[in-house]
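Structure, as structure tokens:
Read-outs throughout are calculated quantities, based only on the coordinates presented, and are distinct from any laboratory measurement. Keep in mind the model is a prediction, meaning the values are calculated, not measured. Using ideal geometry, Cβ is built from the backbone for each residue, glycine included, and neighbour counts are taken over all protein chains shown.
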Amino acid sequence: MTTLTPPEVQTTAGIVRGFWREPTDATGSPSAAFLGIPFAEPPVGDLRFAAPVPHGPWEGVRDAVEFGATPHRAVVGEMTLIPEPAFPGESTLNVNVFTPAPVTAGADAAASAGLPVLVYIHGGGYVSGSPSSPWYDGAAFNRDGVIVVSVSYRLGFDGFGFIEDAPMNRGVLDWLLALEWVQQNIAAFGGDPRRVALSGQSAGGGAVLTLLGIPRAQHLFRGVWSISGVPTAVTLEAAEAAGRALAERGGVAPTLAGLRSLPEARILELQAEASPMNMAGDPSDPVAGLVSLVSGGLVLGPVVDGDLIPLPSREAYAAGIGADKALVLGATDQEFNMVLAGAKESLAEVPPAALLGRLATSPEVVDSYLAAHEGFDTADAVGQYLTDHMFRAPAVDVAEARARFAVEDPSAARTWLYRFAWASPTMGSACHCLDVPFFFDTLDAERVEGVTGPTPSQVLADDVHGGVLALVRDAAADWPAWNNTDREARVFDDPASSVQSDAFADVRMLLTTGVSVS
């Protein structure tokens, strides 16, 4: 590639200098990356556990050629399928911008190419994860004329823990401030602030579903693609109980003064001790953590506080919040089936009903669920139930709530459901995270081969990535919208994707028996 002058863009806080990257195909043009641009002041000192504050101006040109510090402190490594780089430092609230059309600093913003924008929020159970993963690279979207912005946010107790005299949902406030930064600055990177779509996976999928149900967020985007997202339903009472318990274990009052007296490392230890997933590996009771997870959810995450988040996600959609926004959501077919893979032999003699009885709310649910999953051994039945209860049934529940509202208001935007059904040859299932490199079309990224095998299907990537492009460009998916009669959904698979009617029939009993999946 011919040597080009590094791109410089004027933001509201000052000029940032990025770098050019090689095109992703022989006929393409180079794209630019701007990494680690701070959208908020470092959340330390008096700003620790406070609402985020927009970053102040800087003088001169700020280099944006390396990823910024991350709220994610420890590299979990092989425990996560997605590589999650961690970078030290205090200025942890940053955005990364990947664009094919930056506007030269000093030029009129009207010169913007007006490209559609995809804002991506990473997953990690709201306690880990990084916006700097190579799986989230925006090069393929840039090739297709879309700008990608990945954002960081405060994690765990810092972002979501209850403190008596601190604002709730600090991580959610971080998302909102990042989206406001996009509105104010994306034209300078070649984007159109009126054509912003949100996406995220796992906790990030839950994040964008949360934002869809927040009245204060509605002007910041026009569409959502939720990958394996769980709708927000955690109550303020549950969050308060967890926050007070953590403070008590730390020997401090549940106040700003008390919690600020604990170093960051101690807070991380305390929140890890309280995680239900820490109990999942107990050989004497392999489902103890799962019972806690199913019954209580992830309390370190968005909380229905009655203020910023006025209603649980599903109730918000049923009330029409976010009804003018296009929504695509779905999950992999076997998200968490691998959770009990190590206990397969030890559970072989345990009847599936015995363990499912600890997770489901009634014997009738257990009976109907096992009848729909005939032939599953105990580990697979429990893993599939966890997948269905946490991800697949809630997706249907959301779609049906929005479809019912759309019947009352024909001007409402539509909802599209999908399943990612392709089973990894290395993982043996369509597991959690498997669809992410197909979404970004980053099949050659670091560690992708470990989950896809050495020859992942480019046809499948074209299908998934192409579906995302349709949403981002046109605020609509490229398959039939969900309705509560035909219940059609896109099934992403290889060698061929398809549209199927009643595509989630195997989770219907979780919706019609009174089980809460919101």
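How much length is gained if the chain between Glu364 and Ser501 is pulled fully straight, taking 0.36 nm per residue apart and subtracting their Cα-Cα distance, in nm to one decimal? Kindly include the intermediate steps, with their values, before the conclusion.
Details: separation 137, 0.36 × 137 = 49.32 nm, distance 2.56 nm.
Taking 0.36 nm per residue and subtracting the Cα distance, the gain is 46.8 nm.
First check a/c for the range 370-518, with a ≥ b ≥ c the square roots of the eigenvalues of its C-alpha gyration tensor; if it is under 1.5, answer rounded, and if not, answer prolate when a/b is larger than b/c or oblate otherwise.
Values: a/c = 2.26, a/b = 1.16, b/c = 1.95.
Taking the square roots of the gyration eigenvalues as a ≥ b ≥ c, the range 370-518 is oblate.
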**Report entry** Computed log₁₀ I(q)/I(0) - Debye formula, equal Cα scatterers, no solvent, the range 8-236, q 0.10, 0.15 Å⁻¹
**Finding:** -0.42, -0.98
**Report entry** Protection-proxy order for peptides 33-45, 51-63, each taking the mean of Cβ atoms within 10 Å per residue, highest first
**Finding:** 33-45, 51-63
Query raised in the report: Quick one: if you stick a label point 7 Å off each Cα along the C-beta vector at Arg216 and Ala274, how many nm between them?
Result: 2.2 nm
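For the range 109-209, compute the orientation-averaged projected area of the C-alpha convex hull (one quarter of its surface), in nm². Write down the numbers at each step before the final one.
Values: hull surface 27.3 nm².
The number I arrive at for the range 109-209 is 6.8 nm².
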Report task. List the residues whose amide H sits under 5 Å from the amide H of Ser226, counting only those 5 or more places along or on another chain, with H placed 1.01 Å from N in the peptide plane. Result -> Val328, Leu329, Gly330
**Report entry** 5 angstrom amide H check on Arg62, placed H, neighbours 5+ away
**Finding:** Ile15, Val16, Arg17
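Looking at the chain, send over the antiparallel percent of its DSSP beta bridges, to the nearest 5. Before the final figure, lay out each step's value.
Values: 19 of 53 bridges.
Around 35 percent antiparallel, to the nearest 5.
What's the ranking of 392-398, 454-460, 149-155 by average number of surrounding C-beta atoms within 10 Å, highest first?
Working: 392-398: 25.6, 454-460: 14.4, 149-155: 27.6.
Final packing ranking: 149-155, 392-398, 454-460.
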**Report entry** Stretch gain in nm, segment Ala111-Leu256, where the contour uses 0.36 nm per residue and the Cα spacing is subtracted
**Finding:** 47.6 nm
Query - Whole-angstrom gap from the range 291-369 to the range 372-405, using each part's C-alpha centre - result: 8 Å
Requested in this report: Work out how much length Asp478 to Asp377 would gain on full extension: take 0.36 nm times their residue separation and subtract the Cα-Cα distance, in nm to one decimal.
Outcome: 32.7 nm
